[in-house]
1. Examine the stretch 308-329 for a residue that is in contact with a Leu (Cβ under 6 Å, 6 or more places away or on another chain), over 24 Å from P239 (Cβ atoms), modelled with pLDDT of 95 or more and not in a loop (DSSP other than H, G, I, E, B), and state whether such a residue exists.
2. Of all the residues that make up the stretch 212-249, how many are in contact (Cβ under 8 Å) with a residue 60 or more places away in the chain and among the polar types (S, T, N, Q)?
3. Out of all the residues in the stretch 115-129, which are surrounded by 19 or more Cβ atoms within 10 Å (Cβ to Cβ) and either out of contact with any Phe, Trp or Tyr (no Cβ under 7 Å at 6 or more places or on another chain) or among the basic types (K, R) (or both)?
4. Mind listing just one residue for me: the one in the stretch 82-108 that is in contact with a Gly (Cβ under 8 Å, 6 or more places away or on another chain) and in a loop (DSSP other than H, G, I, E, B) and, of those, farthest from A180 (Cα to Cα)?
5. Which ones in the stretch 186-205 are in contact with a Cys (Cβ under 9 Å, 6 or more places away or on another chain), crowded, with 23+ Cβ neighbours inside 10 Å and not acidic (D, E)?
6. Can you pull out the residues in the stretch 232-263 that are surrounded by fewer than 23 Cβ atoms within 10 Å (Cβ to Cβ) and farther than 17 Å from S327 by Cα?
7. Residue under question is N160, and the condition is that it be more than 29 Å from A253 (Cβ to Cβ) and touching a residue at least 60 places away in the same chain (Cβ under 8 Å); does it hold?
8. Of the residues W106, W136, W112, only one is among the aromatic types (F, W, Y), touching a residue at least 24 places away in the same chain (Cβ under 8 Å) and touching a Ser or Thr at 6+ places or on another chain (Cβ under 8 Å); which?
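The values are calculated or read from the model by the stated rules, or taken from the named source; none is laboratory data. Quick caveat: nothing in here was measured; it's all calculated off a predicted structure. Cβ: placed from backbone, ideal geometry, glycine included. Neighbour counts: every protein chain shown.
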Amino acid sequence: MGFEILLSVLLIASYHLQYGNGRMILTMKDFISDSNSTNVDHSQAFQNAWRALCGGKGKGRAASFVIHAHETYTIQPQLLQGPCISPNIQIQIDGTIEAPKMAKDWGTSECWLCFEKVTGLVLTGSGVLNTHGENWWSSVGFSSRPEAVRFFDCHNILYNGLTQINSPRNHISMFDCTNATLSNLHLNAPENSPNTDGIDISHSQNIQVLSSTIKTGDDCVAIKGASYDINITYVTCGPGHGISIGSLGQGGASEEVQNVNVRHCTFSGTQNGARIKTWPGGRGFVKNILYEDITLINANFPIIIDQQYHQSSQATAVKVSDVTFKSFKGTSADATAIKLDCDPTTGCDNIVMDHINIVSSSPRTPLTSYCKFAHVISRVVSIHIDCDFRNEDSQPASSHPQPSAPYAISSTPHTQPPAPTTQPPLFFPFYTNFNAFL
C-alpha cells in the first residue's frame, strides 16, 4: 500500500519488539477494586491507570496499559493530562470502551477521552470506542455536544487501528498538536448524523492521516485555521461531506492553511469530494494544496472551491491560490462536477486541473462546470471550464504537459507556474528516529 503504510507498520512493530519484555504491563483489572467487576462504571479505575502510566509507575521501566479483547468497560469523560514523567505512554485497546448511553450522565465535559499536553503517546489496538452519540443528535444542539477523542497541545502521537462509533460531535479533534500520525482507523456514524466530522485538524502541523475508512454525517476530514504540512493518504471517505479545507474566515476571522497533500483517496457517495470552503468577510489565505489520484464513486460535487460559503455581501475573502487537482477519475452523481465559486474581488489564483476524467453516474447525462472569478490552468480535462478570469488551456493529450507538482507558487496571477518548491517529507523526523520515543 505504499511507503507511508510500510513505515507505519514498521513503527508499530518496533514498539512491540522494544517494549515486549521490558515494559510493565498494566490492565484494567489491576485498578478495579471489586474482584467480581460488578461495578458498571469504571471511570475511576481508568483514571487511576492513566495516573500510573503518566506518573511512571514502572519504577525505571516504561509501562503499557492494555484492555484485552472481549473486555468491555463503561467510563465517563476523562481528562488524560500531562506532561508525564514517562517520555512515552502506550495504551492498547483490543476490547470495547463505552461512554454513558444517556447524555445526562456525561456531565459538562467538552470531550470524552481528552488528551492534554501529552508527548510520546501511542494509542493503538483493534478495539472499539462507542460514544452513543445517537442519544445526543436529536436532543442536544450542536454547540453543546462533546467530541469523542480530543488531542490538545499533544506532540509525537501515534493513534492506530481503533474503531470509533457514533460520536456526538467530531470523532477526533486535533488542536495545537505537532507530529501526529492517525492510521488504520475506522470512524463510523450514519449519513444523517449531524456534524459528526471524522477528523478535525486545527492549529496543528506535521499531521498524517493514513489508510483509514471514514463514514460520517459531515466532513471526513476538515483542515482548519493555522494548520500546515498535512498529509492525507489512502483514505476512503463516504458517506460524508468530503475531505475539506475549512471552513475558514467565519465572523471575519483571519485564518491560514497551507501545504496540504491529499493523495490516493476515494470518495464514495459523498456530498462533496475535494473541497475548499471559506466564509465571505474572512481574511488570510489557503495555498499550496494538492488533491492527487482521487477515485470517485457516485460523488456529488467532486471538485469544489466555495468562497461564498454562507453567502453575504462582505467586502473581504480568504485568498485561495496554488491549488492542484490532479488525476481524478470516476463518476459524479451531480451534473456539476466542477464548481469554482470564487470571490469577485479576491478571486482564486493558479487553480490547476490536470488529467481530470469524470463521467456522470447517470447514463446520457452530460456533466458541466460552474466557474466564477478563478484563474484556471486546464490540462486534459473531460469537462469544459469557462471562467470570468482568463484561463490557460493546454488541453490536447498529445502535448504531454509536465504535471503541476504540489506547492507550485505563482509570483503573479495569470502566468504559467514556475518550478515547484520543495515538497515536505511524507514522514517527519521523529519517525525516522525511533529512539525519540524511547
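1. Scanning the stretch 308-329 turns up at least one residue that is in contact with a Leu (Cβ under 6 Å, 6 or more places away or on another chain), over 24 Å from P239 (Cβ atoms), modelled with pLDDT of 95 or more and not in a loop (DSSP other than H, G, I, E, B).
2. Number of matching residues: 3.
3. Going through the stretch 115-129, the residues surrounded by 19 or more Cβ atoms within 10 Å (Cβ to Cβ) turn out to be 115, 118-125, 127, 129.
Once the filter is applied, which keeps residues that are surrounded by 19 or more Cβ atoms within 10 Å (Cβ to Cβ) and either out of contact with any Phe, Trp or Tyr (no Cβ under 7 Å at 6 or more places or on another chain) or among the basic types (K, R) (or both), the stretch 115-129 yields V118, T119, T124, G125, G127, L129.
4. By that ranking, first place goes to G95.
5. L187, G198, I199, I201, S204
6. Scanning the stretch 232-263 gives P239, S247, Q250, G251, G252, A253, S254, E256, Q258, N259.
7. Working: more than 29 Å from A253 (Cβ to Cβ): yes; touching a residue at least 60 places away in the same chain (Cβ under 8 Å): yes.
Criteria met by N160.
8. Values: W106 fails: touching a Ser or Thr at 6+ places or on another chain (Cβ under 8 Å); W136 fails: touching a Ser or Thr at 6+ places or on another chain (Cβ under 8 Å).
When all the criteria are applied, what remains is W112.
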